[in-house]
Structure formats: C-alpha cells, structure tokens
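Bear in mind these aren't lab numbers, they're just calculated from the coordinates by the rules spelled out. None of the values given here were measured: they were computed from a predicted structure. Positions of Cβ are generated from backbone atoms using ideal geometry, with glycine treated the same way; all protein chains shown enter the neighbour counts.
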Amino acid sequence: MYSKSLVLIQVKQEEKIHQLQHYHYSKWPDHGIPTEVISIAQMLSHFQSHHLQGGTVVHCSAGIGRTGTVLQVLLMSEMLTLKGYLNPIEILGKLRMSRARLVENEAQYNLSLEILEEMLFGKETVVSPDDILNHMDKFISVTKIQYARAKALPSPLSFSTSDMPSFQHLNRNQSVLPADSNRCYLQPRARVDSWLSQYINAIRVPGSSRNQFMIATEHPLPHTVSSFWRLVIEEQCTIVIFINSFENQDEVCTSSSH
C-alpha cells in the first residue's frame, strides 16, 4: 500500500547532498477515498516516530483533497501530543485559512478521523521479512482474536447497484453482493440493456502494487456463464482458479469448461 525510499539530492552550486525520506501511498483513488485506513495509518505513524526534525512536504495531484486529509490527521495528532486535547474543527479552520479547499468534502473529513483513531488505538500488524519466522507462533495464537476484531469493525461498503431488483436474477446469493466501490464492469453489448450487460457479481481485489490485482466472483449460473467468460477475456486473465467441487455433468460447469 505504501513505500518508503531514501532520495539523495545534490545541490551543485554548494556541492552539498541533501538527504530526503520519500513516502509514497499508492492506493488512494483520484475520486473517492480508500476502503481501509490501516495501511495509511501505519505509514503516518512510522513517519511521525522516525522524522522529528526538518520540514515536511505533503502533496497529491491538486494539493487539496488528499493532501488536506493527511495534514488534518498529522495536525490532530500533534495537537493531542502538545496540548492534551483535540479540536478537529479548529484545525480544519486553520487549514482552510492557509489554502482554500483543503479537505474537500465530508467523506475526507470523516476519513481523517478514522485514520487518527487507527493511529491511536489500532494494533501494529506489520512484520518485516526477517522477523516472519519468529512471529509465526504468535500469528497462530492470536488469529481468532484478530479475526473477531476484524468482523466487529463497521463496514463502509454500499451495495446500491447490486441490490437493485433488476439484478437479482444475476446473483447466486442475495446475501453475497459486489460492493459499489470494488465492482467489476463488463463492456456494454449492442442491442442489449447496457445496465444488465455490464453487470456481473464480481469484485476487484487490489494487490500489493498498482498493476497487481485479483478478481473474486461466484460460480456462474447457467444464464451468467457468458458473462463469466467475458470477464475473463476483457480483464485479460491468464489463470482461473475453481475452489468449489463440481461434477462433469453439471450443466453450469460443463458450459463454463469449454
């Protein structure tokens, strides 16, 4: 979700080398907000604990929405540390006085509070590759506790499209629907209702880098087999993994295996 690198900048006129720590968070969409806050909270916590001197530059594409959200988080954390209390509105007001439209909307403001909450009360889950073997026993012992905590977290997902009556016949189970934020879209087909032809019960699962992803979907129904294979072709998938068991004479499996 984020990377950290050391950058050395040489100023030729003074023949000095300036050392710069560069943090890059790559999973914040241009429109909308991240679907989880753990990774960005860990990045900001690492930054705060390791860089106590010198100035800091925060930037995104326009330098207002995402930049303002990160600044809001850092300043709220700083206020808690230095003053012992928190006044988010006061901080937002000061940000807006220094640059218009910092923290553009309510969603970004709420996100800043969620990130701060994770920084204050979240559990550290990052382990370096060198320490993985030493932590395996601990991982196994706390798995049930961590999973229970994860299940108790409120979900920010919405299902306004997949829950529509017109799409019910395209879902195998109405309790397992694709969320609006991660839903896959098929290319519209000519002479077919564009909404119906674009729909499939499938979501895109982000990987560790921008170019890596997986797709999670249900086993196709007899009338959604063509949509399944359209998804495979349009997304240029080279591997399909069936985890469920099936019989060769199963109409759905036979249809989808040719």
Query - Top of 119, 79, 43 by mean-square fluctuation, Gaussian network on the chain, Cα under 10 Å - result: 79
Query raised in the report: Most fluctuating residue of 126, 205, 103 in a GNM of the chain with Cα springs under 10 Å: which is it?
Result: 126
Report task. Determine which lysines satisfy two conditions relative to residue 27: a Cα distance under 25 Å, and not lying fewer than 8 residues away in the same chain. Result -> 4, 123, 151
Query raised in the report: Per-residue ellipticity at 222 nm for the chain, helices alone: DSSP H runs ≥ 4 residues times -39500 (n - 2.57), over residue total, nearest 500 deg cm²/dmol?
Result: -12500 deg cm²/dmol
Query raised in the report: Among 80, 177, what is the fewest-to-most ranking by other Cβ atoms within 10 Å?
Result: 80, 177
Report summary line: Share (percent) of C-alpha pair distances in the chain greater than 27 Å works out to 55
Report summary line: Here the averaged projected area of region 152-249, based on the convex hull of its alpha-carbon atoms and given in nm², is 8.4
Query - Interchain or long-range residues, amide H under 5 Å from residue 202's placed H - result: 184
Query raised in the report: Which percent, to the nearest 5, of DSSP beta bridges fully inside the chain are antiparallel?
Result: 100
Query - Mean-position separation - Cα centroids, region 133-210 and region 20-62, in angstrom - result: 26
Query raised in the report: Dividing the Cα radius of gyration by the Kirkwood radius, what Rg/Rh value follows for region 2-121?
Result: 0.99
Query raised in the report: If each residue's Cβ is checked for other Cβ atoms within 10 Å, how do 131, 163 rank with the fewest at the top?
Result: 131, 163
Query raised in the report: Can you list the lysines whose alpha carbon sits under 23 Å from that of residue 94, skipping same-chain ones fewer than 8 residues off?
Result: 83
Query raised in the report: Listing 204, 172 from the residue with the fewest other Cβ atoms within 10 Å to the one with the most, what is the order?
Result: 172, 204
Requested in this report: Check each of the GluC sites (Glu not before Pro) in region 42-136 and keep only those in coil by DSSP with at most 12 other C-beta atoms within 10 angstrom; list them in order.
Outcome: 124
